[in-house]
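The values are calculated or read from the model by the stated rules, or taken from the named source; none is laboratory data. Keep in mind it's a predicted model, so treat the numbers as computed, not measured. In this analysis, Cβ positions are derived from the backbone assuming ideal geometry, glycine residues included, and neighbour counts consider all displayed protein chains. For the accessible areas, the whole protein counts, side chains as well, though only heavy atoms, and no ligand, DNA or RNA atoms are used. Shrake-Rupley method; radii C 1.70, N 1.55, O 1.52, S 1.80 Å.
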Amino acid sequence: MKHTSIVTFFCLAFVLTSCDTKKEQATENPTSETKDSVAISEAAQDELQLENDPRKIGPAKPTSQYQIEEDIYKINSSENPLYGYWVGAFGKNKINIALAQVVEDSIFGHSVCAGNFRAIKGTIKETDPGIYAVNMKEPGDDKYDGEFNFNIDLLKKELTGSWKPYQNTVGAKDYTLTKRQFKYDPTLGDFPQASTQVLDVPEVENLLPEEIEMIRNEIYARHGYSFNNLKIRRIFDAKDWYIPMSVDIREELTDIEAQNIHLLYNYEDYYEEYYDDYGR
């Protein structure tokens, strides 16, 4: 009887110990069902974030913009020293005259200025070695379209000329532009953190509304966004590193920038809604 009791005791102890071990293993190593639940939860979170993704908010990009952008990618300065981005002051704004292709006496490109992105084409003639006279026209279907006449001096690396509108909507402009290269650089600007790291709430919640607005727009400026807003445009046109490249750079935003823009927008809305309630 005693022998039987001892055997029974050890068997019971073994069973209890085994059960405890299985419980510990279950806690340390989630079952496939638990892992699937986590994966589903993360997928749902990603889907939620995509609904607020600034890269997908706003009107569709016009077909004409895609066509012009295709021309941008064809620009290869090594093929012809005329090709590339000629940038400088254009009245109170900054302009980028991008030259993409020369075929015999015809020349093709586009202009970017003050939130406008216009295809331009015309004629070119070499008047002296390394000096070219160029006439290029915008399409004419916008009230601010006009005609460019300029000379390019490859020795001085300067483009100088004038522009006049087809209609009497704005004044004529004289300009001197220099050849520039555009390369996205996330370290440019006064607040590069917005392009290099995910911002958290404490970094944003105590900023002034004007600071939040500038940080957000600086992200777009780094990608060469051409601003329609006069106040913002004046600020970035004055930055030497800034080159207007496009009126739609949403597809160029990084994951980090998209998350930060979403956060900053939330706090801009917050200030707009509650600022008066907290006093000035």
Among (1) under 23 Å from Gln65 (Cβ atoms); (2) at pLDDT below 95 - the single one Leu208 does not satisfy: (1)
Number of the exception - Asn206 against (1) closer than 21 Å to Lys92 by Cβ; (2) surrounded by fewer than 19 Cβ atoms within 10 Å (Cβ to Cβ): (1)
Leading residue by the ranking (least open to solvent (accessible area, probe 1.4 Å)) among those in segment 171-183 that are out of contact with any Ser or Thr (no Cβ under 9 Å at 6 or more places or on another chain) and in contact (Cβ under 8 Å) with a residue 12 or more places away in the chain: Gly171
Residue in segment 106-113 that is out of contact with any helix residue (DSSP H, G or I) (no Cβ under 9 Å at 6 or more places or on another chain), of a type in the set (Gly, Ala, Ser), modelled with pLDDT of 95 or more and farther than 15 Å from Leu159 by Cα present: yes
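Among the residues of segment 184-195, which ones are surrounded by 13 or more Cβ atoms within 10 Å (Cβ to Cβ) and of a type in the set (Ser, Thr, Tyr)? Let's see the steps before the verdict.
Let us first name the residues in segment 184-195 that are surrounded by 13 or more Cβ atoms within 10 Å (Cβ to Cβ), namely 184, 186, 188-189, 191-195.
Answer for segment 184-195, where residues must be surrounded by 13 or more Cβ atoms within 10 Å (Cβ to Cβ) and of a type in the set (Ser, Thr, Tyr): Tyr184, Ser195.
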Criterion violated by Ala89 - all others in (1) within 19 Å of Asp174 (Cβ to Cβ); (2) open to solvent by less than 50 Å² (accessible area, probe 1.4 Å); (3) not polar (S, T, N, Q) satisfied: (2)
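Is it fair to say Pro59 is loosely packed, with under 13 Cβ neighbours inside 10 Å, within 19 Å of the chain's Cα centre (by Cα) and modelled with pLDDT under 95?
yes
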Filter pass, Lys125 being basic (Lys, Arg), at pLDDT 95 or above and within 27 Å of Asn229 (Cβ to Cβ): no
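So, Asn217, is that one touching a residue at least 12 places away in the same chain (Cβ under 8 Å), closer than 24 Å to Leu253 by Cβ and open to solvent by 40 Å² or more (accessible area, probe 1.4 Å) or not? Steps first, please.
Working: touching a residue at least 12 places away in the same chain (Cβ under 8 Å): yes; closer than 24 Å to Leu253 by Cβ: yes; open to solvent by 40 Å² or more (accessible area, probe 1.4 Å): no.
No; evaluated as a whole, the condition is false for this residue.
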Strands (runs of 3 or more DSSP E) contained in segment 93-170 and holding at least 2 residues over 21 Å from Glu69 (Cβ atoms), in contact (Cβ under 8 Å) with a residue 12 or more places away in the chain and in contact with a Lys or Arg (Cβ under 9 Å, 6 or more places away or on another chain): 131-137, 146-153, 158-165
Of residues in segment 138-175 being at pLDDT 95 or above and of a type in the set (Phe, Trp, Tyr), the one farthest from Ala89 (Cα to Cα): Tyr166
Odd one out for Glu126 among (1) surrounded by fewer than 14 Cβ atoms within 10 Å (Cβ to Cβ); (2) under 21 Å from Arg233 (Cα atoms); (3) among the acidic types (Asp, Glu): (2)
